[in-house]
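The values are calculated or read from the model by the stated rules, or taken from the named source; none is laboratory data. All values reported here derive from a predicted model rather than from experimental measurement. No Cβ is skipped: glycine too gets one built from the backbone with ideal geometry, and neighbour counts run over all protein chains shown.
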Amino acid sequence: MGVGCCTSFFYICTIKEKKLSEEAIKYEEAYKGKKMETGEKTGGKKVSDWLCEGQFYIFGLVYMFARIAINCTATIFPFYLQYSMGFSSGSNGRPTSVMLALVPLSAYVSSMLFSLFLQAPMTQKFANRLKPLAISVVLIAGSSIPLLFLDAT
């Protein structure tokens, strides 16, 4: 909670919303003006336009499967550690909540660090976001297969 409060406080104090909004409006007007000069349509896509595109559904499915895989593994980690791996160190033989929470926390922190430092270069290398998302789904699914063969001991 402390880290969350500190980052929220940092965000509130450092992000100047009014300045960013003014800059966004300025860039939007310049962009629309440039499109008007070249004779391009300025309205953007409508909902019906997006629903007619095949890539919309592909990106949606890949993103949905990636999020489901990440969320499921994060919620199953403590149960896996406690019941399948026999992870316990408390005085009564049961694991402490802090020890069980460290595994999902480390997964979230490493995910955040990847997003901050490695996602942009990876996206530039693959020239889109679909390939990295598909790779992540395959890796997570592949690493989950051994869990099927665990015994309840």
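Among residues of segment 115-142 that are outside any helix (DSSP H, G or I), those with a Cβ under 7 angstrom from a residue that is surrounded by 10 or more Cβ atoms within 10 Å (Cβ to Cβ), sequence gap 6+ or separate chain, pair up as R129/T123. A count restricted to segment 46-75 and to residues that are of a type in the set (D, E) and in a helix (DSSP H, G or I) stands at 1. Return yes when P132 is modelled with pLDDT under 80 and loosely packed, with under 14 Cβ neighbours inside 10 Å and no when it is not. So P132 fails the test.
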